[in-house]
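Below is one structure, written out as structure tokens; comments come after it.
The values are calculated or read from the model by the stated rules, or taken from the named source; none is laboratory data. What you see is a predicted model, and the numbers here were worked out from it, not measured in a lab. Every residue, glycine as well, gets a Cβ built from its backbone with ideal geometry; the counts of neighbours run over all protein chains shown. Areas reflect the complete protein model, heavy atoms only, side chains present, ligands, DNA and RNA absent. Shrake-Rupley method; radii C 1.70, N 1.55, O 1.52, S 1.80 Å.
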Amino acid sequence: MPVFPITRLFPGKLYTVAISGPNIQVLDTSTGDVRHKVTDSAEPVRCAAVDQSFCYLATAGDNKTLKIWEIEGLKLVNERELPKRPTSILFTADAKTILVSDKFGDVFRSLLLLSVRVPLLNTRYHSYTLEFTPLTEKQKKDALSSHENPSGGSLILGHTSFLNAFILNQDEKYIITADRDEHIRVSWYPQGYNIEMFCLGHTKSVAKDHHGDFFIDTRHRFVSTIHNPAFAPAELVSGGGDPTLKIWDWMAGTIKHEIPVWVTVEPYIRIRSSKRKREADSEDGTEVRRKGRGKKGKAKAKTDAADAGETPVTETPENAVAVSAGGPIDVEEKVEKVLVIHKIETTASRRIIFSVVGATALFSVDYPGNGAGADIHALELGQPVLDFVVAQDNRIWVTLDGNWADGTVPVNKCFVLVIELSESGELSKSTSESSIIDSLNSAALLPATEDDLKKLELYNDLVAMPKGYEAENDPDGDTAQPDPEKQSKKILGRLKNKQKVLEKERELAATGGDGVKEPDAKKAKSDVGDEQEDVDMAEAQ
């Protein structure tokens with residue numbers, strides 16, 4: 001029976017927080033016992049963060065509700081409605097403020113506690129209750145944001161593209177954001193309207209097509225993750241679809257170093273991105289068609305068709321049969337390896353640790369500038385890496401998709417393990433026994449259905465980050481005719497007229513004609529007058 005994989009893990013000295021689907025669990029770090037467990041909702045938790053003191057946990061998901069929990073006891077402190085689907089959550093250093101980004105490219109700032117604590121009467125102990133203050137209409141609406149703000153948070157900044165990542169620098173005077181259109185922006189915090197610098201250098205992405213050939217398409221560029229090292233606060237590490245990691249001087253907006261990663265990473269990418277040539281089908285087998293009129297209906301239908309037509313698939317050694325979460329893949333589909341850097345962290349020993357969406361290995365490389373080369377070490381783990389956390393003792397906690405199998409060699413299911421980093425930069429699995437690791441691979445695993453696993457969308461970034469590997473972008477040079485059902489009436493009319501002109505030209509060429517005569521350019525009055533004088537003189541002679 002399948003189980004929920006642990007998608008986010010927060011190890012602490014006393015407690016360890018594990019999130020799997022809609023489930024939140026608090027475990028005793030020393031004994032591995034599950035202390036508290038709660039199912040947040042029917043929808044999986046997409047974003048989560050803990051504060052530096054490990055007192056509060058913030059979670060959010062597709063239900064667009066931000067919830068604040070006390071880790072000890074896993075008690076719900078407060079919750080608030082978010083305007084749009086969140087993409088990331090971040091606590092400030094003092095844990096008094098929470099920053100939330102959403103899919104519309106906005107970042108909002110909210111206080112940790114929205115309520116006033118009032119002592120209960122007739123109680124022996126100092127217990128408190130929470131009284132919530134309702135938001136005013138002015139708080140719910142923000143003229144500068146792209147949508148209403150029911151949570152009452154203040155808008156920090158906004159992008160015109162999907163916001164993939166954001167961080168605060170170490171003194172929290174600047175906020176650094178990265179979006180799907182390769183932009184890295186440095187802004188003041190909290191005065192996000194003051195833009196200090198842009199870091200523009202992610203100009204191309206790399207992929208491997210279904211023929212096994214590599215190709216680069218500049219239209220598929222994006223930045224998926226950024227990191228500000230503690231030992232180099234003036235520098236920024238970024239990654240996305242590019243074949244290199246980039247090291248920036250983020251205040252100057254210049255690239256200091258580039259680390260090639262594609263050649264090393266590509267063999268470990270086992271989940272591929274597929275793009276169907278045929279019309280996308282719905283779950284019942286019927287074609288996806290537009291519903292309703294106007295831009296809203298067309299946009300919704302376009303999104304539905306894209307979601308149905310793009311599916312991450314599993315690589316097989318023969319590359320002949322691949323099965324996705326939605327069923328067998330048609331032979332007409334194009335299956336490509338796409339590079340998406342998932343996460344970047346650094347250790348105190350100046351090593352960069354990073355993971356790749358759909359890859360079964362964890363990677364490390366020396367940080368440039370200390371005289372070492374850029375040799376990348378890869379540790380094969382046998383299952384796709386979902387997330388990792390670098391602990392204070394330099395041990396790396398890794399979560400895996402234990403339900404995954406390529407159908408060739410049976411593997412022992414493993415969902416969480418600890419990686420050790422040697423002085424030479426080599427990664428190795430920890431061999432020491434740990435009660436918490438044993439519990440995370442047994443007692444903390446909760447049963448799930450196939451529908452539950454589909455909702456997790458573990459590898460959705462493979463199709464969500466790139467802007468679409470359309471058939472006309474085939475590296476072999478093949479071009480495909482646009483689908484008439486996806487074109488507006490005006491565009492369709494233009495295409496029909498062009499087609500008629502082309503057919504007429506072919507007919508004239510076949511019969512030996514001179515082709516379609518181009519319209520004469522307009523002539524100036526002086527030119528017309530000169531030509532008339534020449535005609536009159538010719539007639540007079």
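Summary of values
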{"read-out": "Burial ranking of peptide ranges 48-55, 454-461, 161-168 (average Cβ count within 10 Å, highest at the top)", "value": "161-168, 454-461, 48-55"}
{"read-out": "Estimated distance in nm for a label pair at LYS429 and ARG350, the labels positioned 7 Å out from Cα along Cα-to-Cβ", "value": "3.2 nm"}
{"read-out": "Förster radius 22 Å - calculated FRET efficiency between GLU172 and ASP249, Cβ distance, rounded to 0.05", "value": "0.70"}
{"read-out": "Sequence of ASP40, ASP375 when ordered by accessible area, the most exposed leading, probe 1.4 angstrom", "value": "ASP375, ASP40"}
{"read-out": "Label point distance in nm, VAL77-GLN392, each placed 7 Å from Cα along Cα→Cβ", "value": "2.0 nm"}
{"read-out": "Protein accessible area in segment 23-103, 1.4 Å probe - carbon and sulfur %", "value": "43 percent"}
{"read-out": "Nonlocal amide H pairs with LYS103, under 5 Å, H built at 1.01 Å", "value": "ARG85, THR87"}
{"read-out": "By accessible area with a 1.4 Å probe, ligands and nucleic acids excluded, highest first: order of THR264, THR449", "value": "THR449, THR264"}
{"read-out": "Per-residue HN-Hα couplings for segment 348-362 [Karplus 6.51, -1.76, 1.60; θ = phi - 60°; Hz; x = Gly/Pro]", "value": "5, 8, 6, 10, 8, 10, 9, 10, 10, 4, x, 9, 9, 9, 10"}
{"read-out": "HN-Hα J in Hz across segment 387-398 - Karplus 6.51, -1.76, 1.60, θ = phi - 60°, x for Gly and Pro", "value": "6, 8, 9, 8, 7, 5, 8, 6, 7, 10, 8, 10"}
{"read-out": "Label-to-label distance, nm, for residues given as LYS96 and CYS55 (7 Å Cα→Cβ offset)", "value": "1.2 nm"}
{"read-out": "Alpha carbon centroid spacing (whole Å) that separates segment 42-67 from segment 383-399", "value": "19 Å"}
{"read-out": "Gain on full stretching of the segment that runs from SER161 to ASP28 - 0.36 nm per residue minus C-alpha separation", "value": "43.8 nm"}
{"read-out": "Placed amide H near GLU196: partners under 5 Å, 5+ positions off or other chain", "value": "VAL186, SER187, TRP188"}
